[in-house]
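Working notes, beginning with the structure itself.
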Amino acid sequence: MSAADILAILQGAATTATLSLTAICLGLPLGLALALARWANIPIVAPFVAVYVSILRATPLVTLLLLLFFALPSIGVPIGAVAAALVALTMNTSAFNCEVWRAGLMNFPKDQFEAAQSVGMRRRQRLQRIVLPQVLRACLPGLVNEISLLIKVTPVLAVVGVVDITRAAVRIGAETYDPLPPLLVALAIYVPMVYAIVRVARLTERRLAQTEAA
Amino acid sequence: MRHDFLVVWGERGLLLSGLGNTVVLSLAATIAALGLGAALAPGLMAARGRYRLAFTGFVDGLRCIPFLLFAYIVYYGLPSLGLNLDNWTAGLAALTIYNTAYMAEILRGAWATQPRDPVDAGYAFGFTGVGHFRRIVLPPLLLSAAPVVGNQVIQIVKDSAFLTVIALPELTHAASSIQSRHYIPFAAFITAVLLYWMLCLAIEAGVACLGRVAEARR
């Protein structure tokens, strides 16, 4: 394995990181929107969201990805490998984020909401100033944890031809007839990445416990 | 569109055998991982620093690896070390070893939150050794761990889909074959998605059932 090979794997790492970050940035607000729709019990929308989230949470990312990648072009929506990967990742993570957000919203004390109502705050103000800041804090560990899960499913994107860390490593293994070293290089990139995120999740959890105790 | 689903219906044998393989694979991996995890869990709680560090390192390290990469290492990487496994053995081994780490951590967590009083009360009533473990310690432990174990089983079912990349004929692989044979991607994969959904709903229902048993025992 040459230096160029390691560089190729690092390039794959950039792809993995970019796709994960984009999916997180899209999935967080999308998950919140889904959770709010269920929390506010909007007629027709809420049960639809419940079924959507339930199905997505049960669907393996590979299956979802293959569905999008092959089925969308067949109904006339042209979609490339990277776009399909991004849509699949975002759909997947938004469903899990929705459940985290929803748990936070459900645990939100109702009296605060009513207090805000009684001092004449409007719906939007109540959400922005009272509910969301507190719910965000409570949800942070769960959301960060979800990011680590997201990164752990990204190798699947290679199935449709996205050249991420795993695909770069497998390709080099096939070229050099020695698959173990590049796979170990890939391992050495993933493990610190995921470990760092898991640490951040634990740290925010501890911080949260401290501020609540104080 | 209706025609596409009729084609999928025509291939139901292939799809059902894929579903069967997914179930068998997940079930075998769950049982094996639970057993190995139970064997590993005491190590995570060992008093001796060095052992504990080794066990915790193994479990935490494994949980930082993406499953697909782990499966690749087992299937493509191990032959470099002279260990050749066919795709079934490699897939099952990868699924089992990977989830052993999660199960060990789950069981450790469940054990840590168990109240001590019933355990001591068991001794006071004259239960000893295996009898004490089987009658007093194990039932509440399993019941309190059940919801988290159930979630992990769903994770195992979903992880098993990744094994399509090493050509294991599970549900996603069956859907892929049907799509490439007839070019009906939407019908083939939507059917697979719905079957996964049903599988997960069944697991959740099973866990809820156990939860009711646990509630009744309290």
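What is the mean number of Cβ atoms from other protein chains located within 10 Å of the Cβ atom of each residue in peptide A:43-55, rounded to a whole number? Don't jump to the answer; show the numbers that get you there.
On the way: counts 0, 0, 0, 0, 0, 0, 0, 0, 1, 0, 0, 4, 6.
Mean partner shielding for this stretch: 1.
Limiting things to C-alpha atoms, what are the Rg and the maximum Cα-Cα separation (Dmax) for the protein assembly as shown, in angstroms?
Radius of gyration, then largest Cα-Cα span, for the protein assembly as shown: 23.3, 73 Å.
Report the Cα centroid-to-centroid distance between the stretch A:112-143 and the stretch B:12-46 in angstrom, as an integer.
The stretch A:112-143 and the stretch B:12-46 have Cα centres separated by 42 Å.
Over the Cα atoms of chain A, what radius of gyration and what Dmax do you get, in Å?
So, for chain A, Rg and Dmax equal 20.5, 71 Å respectively.
Name the most mobile residue of A:62, A:159, A:191, meaning the one with the largest mean-square fluctuation, in a Gaussian network model of chain A with Cα contacts below 10 Å.
Fluctuation is largest for A:191.
Give a residue-ordered list of calculated ³J(HN,Hα) values for the stretch B:191-200 (Karplus: 6.51 cos²θ - 1.76 cosθ + 1.60, θ = phi - 60°; whole Hz; x for Gly, Pro).
Using θ = phi - 60°, the values come out as 4, 4, 4, 5, 5, 4, 4, 4, 4, 5 Hz.
Which whole-angstrom value gives the distance between the alpha carbon centres of the stretch A:162-197 and the stretch B:189-218?
35
In 5 Å bins starting at 0, how do the alpha-carbon pair distances of the stretch B:1-108 split up by percent?
2, 12, 15, 16, 16, 12, 9, 6, 4, 3, 2, 1, 0
Quote the Stokes-Einstein diffusion coefficient, in whole µm² s⁻¹, for chain B, based on the Kirkwood radius over alpha carbon pairs, a temperature of 20 °C and a viscosity of 1.002 mPa s.
On the way: Rh = 19.5 Å.
Answer from the Stokes-Einstein relation: 110 µm²/s.
I need the trypsin sites (Lys or Arg not before Pro) found in the stretch B:25-134, filtered to DSSP loop residues with at most 12 other beta carbons within 10 Å of theirs. Numbers along the way, then the final one.
On the way: sites: B:48, B:50, B:52, B:63, B:108, B:116, B:134; in loops: B:48, B:63, B:116.
Those that pass, being in a loop and sparsely packed, are B:48, B:116.
For the stretch B:115-187, what does the convex hull of the Cα positions come to per residue, in cubic angstrom? Could you put the intermediate results ahead of the total?
Details: hull volume 9.1 nm³, N = 73.
Convex hull of Cα atoms, per residue: 125 Å³.
Around residue B:55, under 11 Å between beta carbons, what's the net of Lys plus Arg minus Asp minus Glu among the other residues?
Numbers: positive: B:48, B:50, B:52, B:108; negative: B:60, B:105.
Counting the neighbours of residue B:55, the net charge comes to +2.
No value in this document is a laboratory result; all are computed from the given coordinates. None of the values given here were measured: they were computed from a predicted structure. Virtual Cβ from ideal backbone geometry, glycine too; neighbours counted across all protein chains shown.
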